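The values are calculated or read from the model by the stated rules, or taken from the named source; none is laboratory data. Not measured: the values here are computed from a predicted model. Using ideal geometry, Cβ is built from the backbone for each residue, glycine included, and neighbour counts are taken over all protein chains shown. With ligands, DNA and RNA removed, areas are computed over all heavy atoms of the protein, side chains included. Shrake-Rupley method; radii C 1.70, N 1.55, O 1.52, S 1.80 Å.
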Amino acid sequence: MTQVERIGPKGLSFIKMHGLGNDYVYIDRFTESALFDPVTLAPLLADRHRGVGGDGLILIEPSDKATAKMRMFNADGSESAMCGNGVRCVGHIVVSRGYSAAGDLTIETGRGVLGMTVSPVSSRVSQVRVDMGCPLLNPEDIPVDTASVSEPIIDSAFSVIGNHSEWWDSSLLDSRMTCVSMGNPHAIFYCGDVEKVPLEMIGPLVENHKFFPQRINVHFVQCQSRDRVKMVTWERGSGPTQACGTGASAVCVAGRLTGRTNAMIKAELPGGELELSWDMKGSVYMSGPAEEVFLGFWQGLVS
């Protein structure tokens, strides 16, 4: 492509979808053949004022390993290995477009091939249960600064928040941290009331801390019972999001490891609820909805 081109005379076809409000622009590469650079395109499409609007861009591509392949780009153009809400939506698309029958199928992601069960509710909505894979806890797998730690970070007093008690009531926020990778990195903090966490202040501080060489997703969790949590998320490369499927999976793991929650939980996120389970041995399982919002064509400029 030249320095700046339009994407074809008919535009670039896309599907707008969300999983509990965690919304992305999806491009079906089974049918859409236009050339573009996803790193450049993602911020343009994700712009909520001058673009389509969303938390990023997800490509659905043919795969020689699975039913389809997912590539996920954050709102800033950075690529991530995995998106839990996104992969549910990909499952819905491959079934609703006839690339697979409903029921069990597989999706290739940056963290490997994941199995799922897609149960259509309507032509626009599916309920999807996903095998999210085994959590990664070793510092080098997350990753974190291995020069500082060598053991898994579980309720660790190692603080990346610092002394900013002027931002919050310190009695409500536990600065101890648990770190989990679900193919992408997560830092979990527990608190007394998620509504009082200054997410816009603490989120970017933790995301960009030098302790995390690839940045990190940040979650604040309020335990309402051993079977239910409430959480808010600052997503790496996107900021506050309505829901984070890999983050909720990491929270399920953190709750078990720290003794706060049971094997099966419901996570209440700003966009709705996810059901999660982990037996402390194998995969984390996540169940939740995937919903189409609208179809469209993008005719903007792409470098």
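Odds and ends about this structure:
- Computed from the Kirkwood radius of its Cα pairs, the Stokes-Einstein diffusion coefficient for segment 45-114 at 10 °C and 1.306 mPa s stands at 126 µm²/s.
- Solvent accessible area, Å² - ASP47, 1.4 Å probe, full protein context: 50
- Charge dipole of the chain (Cα centre as origin; +1 on each Lys and Arg Cβ, -1 on each Asp and Glu Cβ, all else neutral): 480 debye, rounded to the nearest 20.
- Dipole moment magnitude, nearest 20 debye, segment 177-248 about Cα centre, only Lys, Arg, Asp, Glu C-beta charged: 140
- In this structure the amide hydrogen of GLY56, modeled in the peptide plane, comes within under 5 Å of the amide hydrogens of VAL25, none closer than 5 places in sequence on its chain.
- Cα centroid separation, segment 62-80 to segment 185-234 (Å): 25
- Measuring nothing but protein heavy atoms, the accessible surface of the chain at 1.4 Å probe radius is 49 percent carbon and sulfur.
- Gain on full stretching of the segment that runs from MET280 to HIS49 - 0.36 nm per residue minus C-alpha separation: 78.9 nm
- The residues of the chain have, on average, 41 Å² of accessible surface per residue, using a 1.4 Å probe with all protein chains present.
- Charges were assigned to the Cβ only: +1 to each Lys and Arg, -1 to each Asp and Glu. The resulting dipole of segment 172-303 about its Cα centre is roughly 520 debye.
- Heavy-atom accessible surface of TYR26, to the nearest 10 Å², is about 0 Å², with a 1.4 Å probe and all protein chains retained.
- Straight-distance crosslink candidates among lysines, where the alpha carbon sits under 20 Å from LYS196 and sequence neighbours closer than 8 are dropped: LYS230
- For P(r) over Cα pairs in 10 Å bins from 0, in percent, calculated from these coordinates, the label among (1) 5, 19, 18, 14, 11, 9, 9, 7, 5, 2, 0; (2) 6, 29, 34, 21, 8, 1; (3) 6, 21, 23, 16, 9, 8, 7, 6, 4, 0, 0: (2)
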